[in-house]
């Protein structure tokens, strides 16, 4: 969450690309809930030998970001528009709520903030984005 399928539908991104772009952001947003599991993955993948779960989990996320960079995965969705963010977040929440097995469901404000981080020119939720209503004619 947010659903990469929504990014693909709205901005014509291939599903795998959208997944790769969203993954580090989602891992960071979920860190309080998943740090021990990410730490286990980091140690298993030999990303770190740290015994501190927080440090190991952060190392895992950093490695995901490096892998994305190595493969030329963009960090930002160039076409993502601030006015689309509230509707994208609502659509993603509706799609995944109670149907996806995730360790933590994000709220509307958290999703909007995460999506802001994917913008070419990152905005903050306080910038007229959270106040925007409607779906702007985008598919849902």
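The values are calculated or read from the model by the stated rules, or taken from the named source; none is laboratory data. Bear in mind the structure is a predicted one, so any value in this text is a computation, not a measurement. A quick note on method: Cβ atoms are made from the backbone with ideal geometry, for glycine too, and the neighbour counts reach across all protein chains shown.
Quick rundown of the values:
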read-out: Test: residue in region 69-81 that is surrounded by 12 or more Cβ atoms within 10 Å (Cβ to Cβ) and assigned to a helix (DSSP H, G or I); value: no
read-out: Cross-chain or 6+ apart pairs with Cβ under 6 Å, region 35-62 first and within 20 Å of residue 21 (Cα to Cα), then outside any helix (DSSP H, G or I); value: 42/48; 59/47; 59/48; 60/47
read-out: Check on residue 65, within 17 Å of residue 119 (Cα to Cα) and in contact with a strand residue (DSSP E or B) (Cβ under 8 Å, 6 or more places away or on another chain); value: no
read-out: Sole exception among (1) part of a helix (DSSP H, G or I); (2) modelled with pLDDT of 95 or more; (3) farther than 26 Å from residue 8 by Cβ for residue 48, by number; value: (1)
read-out: Residues (assigned to a helix (DSSP H, G or I) and surrounded by fewer than 16 Cβ atoms within 10 Å (Cβ to Cβ)) located in region 51-64; value: 54, 55, 62
read-out: Pairs with Cβ under 7 Å, 6+ apart, first in region 95-116 and more than 16 Å from residue 84 (Cβ to Cβ), second at pLDDT 90 or above and loosely packed, with under 14 Cβ neighbours inside 10 Å; value: 103/33; 104/33
